[in-house]
Amino acid sequence: MEFVDLKAQYQRLKPRIDARIQTVLDHGRFILGPEVQELESLLAARTGARHCIAAASGTDALLLALMALGIGPGDEVLTTPFTFFATGEMITLLGAVPAFVDIDPVSYNLDPARVEAAVTPRTRAILPVSLYGQPADMDAINDIALRHNLAVIEDAAQSFGALYKGRASGNLSTIGCTSFFPSKPLGAYGDGGACFTSDDTLATAMLELRNHGQSGRYRHTRIGLNGRLDTLQAAILLAKLEVFDEELAARDRVAQQYTALLHDTVQTPRILPNRTSAWAQYTIEVADRESVAASLHESGIPSAVHYPTPLHLQPVYTGLARRRRWTRGSFPVAEFAAERVLSLPMHPYLQPEHIERVANALLAAVASPASRA
Ligand SMILES: Cc1ncc(COP(=O)(O)O)c(C=O)c1O
């Protein structure tokens, strides 16, 4: 069994993906070719944002967003310690400080009730992550930002396709950033990402920053980067976008079936009212994760941990943690989650019998003496 079955998806989409790739090979405009703009228009329309700026990765999308906002040395960005490393990494790369705030134990997303107390005169932005596919509590976070004149960047790397109060993740704040990493709900065949905004000035800044700060050909008005999405990846994404809504519905069916089979025994994911999840991950909590994962592995079922170490405990942040007086225990909700979360196979091509197999193996693993020991 695959954790994410990209081969099954390719078998289904082969004619349209191959045709899209062939078109690019024929026209030869591999850098910022017409497919990039076509994708940007469709994604902007889908989210309702005025602008979509395709980027080379989700990491670059975050970097472009932070750079466009002018985040740099001396600035603090409030964010979650329970995320993929890139979220904090890009803040640090620009010389700013990721000021961590603990999460809500139900959604695993930044806890708005704790955010306001963490605002200081140095705070410039809030960077919530919509983890596992469920949007963060963006209204509450936007309200705090408004009161303190802060920008909000939603890290929607895992949540593209999800809705928050009927609005699209990615278009819920000043800037939204997503990732097209191959295993993401909308995944390319390589790296890719995108920024969304309805602010014309920020859109122009990100557009120029992703292409060496050029405001015209060989006219460099900013220090930027090579952060462009490849035309080939845009072409592949265009083919996949045609079935994306069907795939989101299939992911939701998989999640519902898992939950029906498992919720009496383990903590299953909880989607808060007025939200949908893109189900980038289906993540449960178990007390003895290592033995449960080992037992699943013995039954031929892959699992993964997203993520085992919160950012404030990462080796590279030892110095920062010392300065900020962060230790183990500083963000107890994130630390507790990091010890218990376990993600199960999740993709739109999982069949009911596959889900049953995973659930049965999991129930047996949780009931086994090794796991209770
Ligand atoms: C929450 C989060 N932020 C950022 C990223 C970075 O995206 P990418 O791998 O496309 O650079 C990821 C992807 O793994 C992610 O899950």
| task | For the chain, give the magnitude of the charge dipole about the Cα centre (Cβ charges: +1 Lys/Arg, -1 Asp/Glu; no others), in debye to the nearest 20. | result | 660
| message | Can you tally the lysine pairs in the chain where the Cα-Cα distance is under 18 Å and the two residues are eight or more apart, or on different chains? | response | 4
| Pairwise Cα inverse-distance average, inverted: Kirkwood Rh of the chain (Å) | 21.2
| task | Amide H neighbours of ARG275 under 5 Å, at least 5 residues apart or on other chains, H built in the peptide plane: list them. | result | LYS165
| message | Tell me the carbon and sulfur percent of the accessible area for segment 202-263, rounded to whole percent, probe radius 1.4 Å. | response | 49
| Want the number for ARG167 to PHE85: 0.36 nm per residue separation, take away the alpha-carbon distance, what's left? | 26.9 nm
| query | Using the eigenvalues of the Cα gyration tensor, what equivalent ellipsoid semi-axes result for segment 113-253 when each is taken as the square root of five times the eigenvalue, whole Å, largest first? | reply | 26, 24, 11
| Cα centroids of segment 201-234 and segment 305-339: how far apart, whole angstrom? | 34
| remark: FRET efficiency for THR318 and THR120 from the Cβ-Cβ distance with R0 = 30 Å, rounded to 0.05, comes out at 0.85
| remark: Ranked output for segments 193-203, 32-42 by mean other Cβ atoms within 10 Å, highest leading, reads 193-203, 32-42
| So what J values fall out for segment 108-124 if you push phi through Karplus, 6.51 cos²θ - 1.76 cosθ + 1.60 with θ = phi - 60°, rounded to Hz, Gly and Pro as x? | 6, 9, 2, 8, x, 4, 9, 6, 4, 5, 8, 6, 10, x, 8, 5, 10
| request: Can you figure out the FRET efficiency of GLU298 with ALA8, using R₀ = 35 Å and their beta-carbon distance, to the nearest 0.05? | output: 0.90
| remark: Correct semi-axes for segment 302-362, from √(5λ) of the alpha-carbon gyration tensor and rounded to whole Å with the largest first, are 35, 11, 7
| task | Keeping the other protein chains in place, figure out the carbon and sulfur percent of the accessible area of segment 320-373, with a 1.4 Å probe. | result | 53
| note | Diffusion coefficient in µm²/s returned for segment 172-283 by Stokes-Einstein, Kirkwood Rh over C-alpha pairs, 37 °C and 0.692 mPa s, is 196
| note | Over the chain, with neighbouring protein chains present, the accessible area per residue in Å² at probe 1.4 Å is 42
| message | Give me the one-decimal nm value for the distance between modelled label points at ASP200 and GLN256, 7 Å along each residue's Cα-to-Cβ direction. | response | 4.4
| note | Here segment 133-138 yields Karplus 3J(HN,Hα) values (6.51, -1.76, 1.60; θ = phi - 60°; whole Hz; Gly and Pro given as x) of x, 9, x, 5, 7, 5
| message | For segment 172-214, I need the span (max minus min coordinate) of the C-alpha atoms along each principal axis, in Å, sorted largest to smallest. | response | 32, 27, 7
| message | For THR265, project a label point 7 Å along Cα to C-beta. Then give me every residue of segment 342-368 with its amide nitrogen under 16 Å of that point. | response | 342-345, 353-368
| query | At a 1.4 Å probe, what is the % contribution of carbon and sulfur to the accessible area of segment 77-144? | reply | 58
| field | Residue-by-residue Karplus 3J(HN,Hα) for segment 273-285, coefficients 6.51, -1.76, 1.60, Hz, glycine and proline x | value | x, 6, 9, 10, 10, 7, 6, 4, 9, 10, 10, 9, 10
| note | If N is the residue count of segment 86-178, its Cα Rg over 2.2 N^0.38 Å rounds to 1.00
| remark: Taking every alpha carbon pair in segment 1-66 and sorting the distances into 10 angstrom bins from 0 up to the bin holding the longest one, the percent per bin comes out as 17, 32, 40, 11, 0
| query | Starting at 0 and stepping by 5 Å, how many percent of the alpha carbon pairs of segment 1-114 end up in each bin? | reply | 2, 9, 12, 12, 15, 17, 13, 9, 7, 3, 0
| query | FRET efficiency for GLU356 and ASN274, Cβ-Cβ distance as r, R0 = 35 Å, nearest 0.05? | reply | 0.70
| Which far-off residues, 5 or more places away or on another chain, put their amide H under 5 Å from the one on ASN109, with H placed in the peptide plane? | ASP104
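The values are calculated or read from the model by the stated rules, or taken from the named source; none is laboratory data. Everything quoted here is computed from the prediction, not taken from an experiment. Cβ: placed from backbone, ideal geometry, glycine included. Neighbour counts: every protein chain shown. What goes into the accessible areas is simple: the full protein's heavy atoms, side chains included, and nothing from ligands, DNA or RNA. Shrake-Rupley method; radii C 1.70, N 1.55, O 1.52, S 1.80 Å.
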